[in-house]
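This report refers to the structure that appears directly beneath it.
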Amino acid sequence: MDLTVEARHASVPGPTISSGANPTNITGVGYGTQSTSHRDVRFNILRVIVSGIEYIAANAGVAVPAEGDYLTLEFDAGGNAARVTFVVDGALKVRLASLCGSESWAWLPTGVMPPW
């Protein structure tokens, strides 16, 4: 699935980073007739998104997303764009942890994420 991305850092309300005309993709791995790896879904994040979120975090004096942090992904109605929120600390991270439990992902109920 190729899509454009708009990203934000949950601890820094306001600024967002866009992938612009450069789509990224979500890839289902290991789902073919000849499975050569574990089944998983990979979200490939473009460098422009990574460096933009690092810039936002540095300017706000907050933590840069790292392993163990959370990312939420919201698809638009048309399916060719997504909004990504990086969550690194605070009450929202605790809430996401409780919703995911021992899984690495979960469908979120309406109202968990702050509006864009």
Check: Within the stretch 12-65, which trypsin sites (Lys or Arg not before Pro) sit in a loop by DSSP and count at most 11 neighbouring Cβ atoms inside 10 Å?
Finding: 39
Note to self: Quick one: 3J(HN,Hα) in Hz for the stretch 51-58, Karplus 6.51/-1.76/1.60 with θ = phi - 60°, rounded, Gly and Pro as x.
What the structure shows: 5, x, 5, 4, 5, 4, 4, 4
Check: Under a GNM of the chain (C-alpha, springs under 10 Å), which listed residue has the highest mean-square fluctuation: 76, 40, 89?
Finding: 40
Next item on the list: Step through the residues of the stretch 96-111 one at a time and calculate ³J(HN,Hα) from phi using the Karplus curve (6.51 cos²θ - 1.76 cosθ + 1.60, θ = phi - 60°), rounding each to whole Hz and writing x for Gly and Pro.
Entry: 4, 4, 5, 6, 7, x, 8, 7, 8, 7, 7, 6, 8, x, 4, x
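With charges set only on the Cβ (+1 for Lys and Arg, -1 for Asp and Glu), what does the dipole of the chain come to about its Cα centre, in debye to the nearest 20?
Numbers: 7 positive and 10 negative charges, 6 e Å.
Dipole of the chain, to the nearest 20 debye: 20 debye.
Where does the chain land on Rg(C-alpha)/(2.2 N^0.38 Å)? Let's see the in-between values first.
Details: Rg = 14.9 Å, N = 116, 2.2 N^0.38 = 13.4 Å.
Working it through for the chain, the quotient is 1.11.
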Note to self: Whole-Hz ³J(HN,Hα) for each residue in the stretch 14-22, computed from phi via Karplus 6.51 cos²θ - 1.76 cosθ + 1.60 with θ = phi - 60°, x for glycine and proline: what do you get?
What the structure shows: x, x, 10, 10, 10, 7, x, 7, 9
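Tell me the relative contact order for the chain as a rounded percent, counting alpha carbon contacts under 8 Å between residues six or more apart. Intermediate results must be reported in sequence, preceding the final value.
Details: 165 pairs, mean separation 30.3, N = 116.
26 percent.
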Notebook entry, point to check: Between residue 42 and residue 116, what is the label-to-label distance in nm when each label sits 7 Å out along the Cα-to-Cβ direction?
Noted result: 2.6
Check: What GluC sites (Glu not before Pro) in the stretch 29-116 are in a loop by DSSP, with at most 13 other Cβ atoms within 10 Å of the Cβ?
Finding: 67, 103
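Where a number appears in this text, it was derived from the coordinates with a stated rule and is not lab data. Predicted model, so just to flag it, every value in this text is computed and none were measured. When we count neighbours, we look across all protein chains shown, and the Cβ atoms used for this are built from the backbone with ideal geometry, even at glycine.
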